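See below for the structure under consideration.
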Amino acid sequence: MAVRKGRIEWLGASSSLPTIDSSADVIDLKGRLVSPGIVDCHTHLVFGGSRADEWQRRLEGVSYRQIAEEGGGILSTVRATRAASEEQLYESAAHRLKALIRSGVTTVEIKSGYGLDLETELKMLRVIRSLGDGLPVDVHPTFLGAHALPPEFLGRPDDYIALVCGEMLPAVKEWASAVDIFTESIAFDLPQTEQVLRTAIDHGFQIKIHAEQLSHMGSAKLAAELGAISADHLEYLQRPGVEAMARHQTVATLLPGAYYFLNETQRPPVETLREMGVPIALASDMNPGSSPVMAPLLIANMGCTLFGLTPLESIRGVTLNAARALGIDDQVGSLEPGKCADLAVWNVSSPNELAYLIGHQPCRAVYKSGRCVTG
Ligand code: DI6
Ligand code: FE
């Protein structure tokens, strides 16, 4: 592989290597496997506090939904995130993001959504931007103001949606490239979703959705028809939703970490997605409540064991299709001349082994735009 100015210039067998500049640095990877840098296209890795105690309650039999309805769950992280300083949020998130980078991640999407008031949402978005400025990884910021109903708006969801659309979306324009919403019986309904997504489109954002995670709402179909770049979770997705996603080439981002950690039994309709040609991405969903997972290869493994993807589909899910879910597949996600030289080097003997080994860290080095960013 020849790299110039951070881009892949040539790729092929060493026997056909073109003559290269004598001043070029030559790096011998000793026959190791090189993959595109991993793209984690759905995370909530900026947050305050921890939910380990809530997890214990879930183990004792209290459901995620019940905890949310009691004002815990997402809202307990909202309280901790409002109380945290910007520095505290940066430090804890940087720690998590460094773990992802050491595991081969070169691009990450990070959502706001634990503020639920303009001040704290902006605080999160500033932290998200600083993470991209401070660490060798591309960070794609998403505004998730409509993640849950803040306690101040109890019983008045439409008033909160009006605030999101009227004040928050215009104010976060320069801080986020995409807008996401949690459409669910414990969050926002279909008309509220349509209002937020249409307003986001009018302001020029890309749109995404947390759809059909805990129940079937018809939200993936709505989002696909509105032009969403991805619909995420999708455990309860039904055929009309798959058809709409196929028609609009909406990426299906599956999040097996949340399925695993919530002990779900309803699997997303992988066979139908495959049959209809919907691109499938996989992401960590890294968050304190439903997916405290900072291990992209474990996510690829779960894509195979829990959702029935092939190892190759899983690897494509955390690279090329994840790039597609962010609208950057012309830049990253595969090894092709012209794309960024974002690479991960692995101590494995075959691509299948990337998704196969559990609890082993085979990542040997990470290159971001052609520069080694790991020790
Ligand atoms: N679905 C999820 O899995 C995360 N957000 C969402 O809408 C969970 C967020 C949390 O529990 O803190
Ligand atoms: Fe999520």
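The values are calculated or read from the model by the stated rules, or taken from the named source; none is laboratory data. All values derive from a computational prediction rather than experimental measurement. Glycine also receives a Cβ, built like all others from the backbone with ideal geometry; neighbour counts cover every protein chain displayed. Keep in mind that these areas ignore ligands, DNA and RNA; they rest on the heavy atoms of the full protein, side chains included. Shrake-Rupley method; radii C 1.70, N 1.55, O 1.52, S 1.80 Å.
Once the principal axes of the Cα atoms of region 52-165 are found, what is the range along each, listed largest first in whole angstroms?
43, 38, 22
Quick check: convex hull of the Cα atoms in region 210-310, volume per residue, rounded to a whole Å³?
Working: hull volume 8.6 nm³, N = 101.
Convex hull volume per residue, Cα atoms: 85 Å³.
Compute the distance in nm between two label points, each set 7 Å from the Cα along the Cα-to-Cβ direction, one at His95 and one at Glu70.
Computed distance between label sites His95 and Glu70 equals 2.7 nm.
Would you calculate the separation in nanometres between label points at Lys5 and Asn352, each defined as 7 Å from the Cα along the Cα-to-beta-carbon direction?
4.2 nm
Ignoring everything except DSSP H segments at least 4 long, calculate the 222 nm mean residue ellipticity for the chain; use -39,500 (n - 2.57) per segment, divide by total residues, nearest 500.
It lands at -10500 deg cm²/dmol.
Cα axis of helix 74-83 to longest principal axis of the chain: angle in degrees, 0 to 90, nearest 10?
With both axes taken from Cα atoms, the answer is about 80 degrees.
Please report, in cubic angstrom per residue, the volume enclosed by the convex hull of the alpha-carbon atoms of the chain.
Working: hull volume 51.0 nm³, N = 375.
Spelled out: Cα convex hull of the chain, divided by residues, is 136 Å³.
Multiplying the sequence separation of Asp202 and Asp133 by 0.36 nm and subtracting their Cα-Cα distance, what value in nm do you get?
Net length gain for the segment: 22.0 nm.
Of the cross-linked pairs Lys111/Lys368; Lys123/Lys173; Lys111/Lys173; Lys5/Lys173; Lys98/Lys368; Lys221/Lys368, which ones have a Cα-Cα span greater than 24 Å in the structure shown?
Numbers: Lys111/Lys368 22 Å; Lys123/Lys173 14 Å; Lys111/Lys173 14 Å; Lys5/Lys173 31 Å; Lys98/Lys368 13 Å; Lys221/Lys368 36 Å.
In this structure, Lys5/Lys173; Lys221/Lys368 exceed 24 Å between Cα atoms.
For region 226-375, with every protein chain kept in place, what is the accessible area per residue (1.4 Å probe, Å²)?
Result: 38 Å² per residue.
By how many degrees, 0 to 90 and rounded to 10, does the Cα axis of helix 118-134 deviate from the longest principal axis of the chain?
It works out to around 10 degrees.
State the percentage of accessible surface on the chain attributable to carbon and sulfur atoms; use a 1.4 Å probe and exclude ligands, DNA and RNA.
Carbon-and-sulfur percentage of accessible area, whole number: 51.
Can you tell me the accessible area per residue over region 1-118, all protein chains present, probe 1.4 angstrom, in square angstrom?
On a per-residue basis, region 1-118 sits at 51 Å².
Largest first and to the nearest Å, give the Cα extent of region 129-190 along each principal axis.
Computed over the Cα atoms, the extents are 43, 22, 21 Å.
Report D for region 25-100 in µm² per second (integer): Stokes-Einstein, Kirkwood Rh on Cα pairs, 37 °C, 0.692 mPa s.
Answer, rounded: 211 µm²/s.
Between Val34 and Arg57, how high is the FRET efficiency from 1/(1 + (r/R0)^6) when r is the Cβ-Cβ distance and R₀ = 56 Å? Nearest 0.05.
The pair Val34/Arg57 has a calculated efficiency of 0.80.
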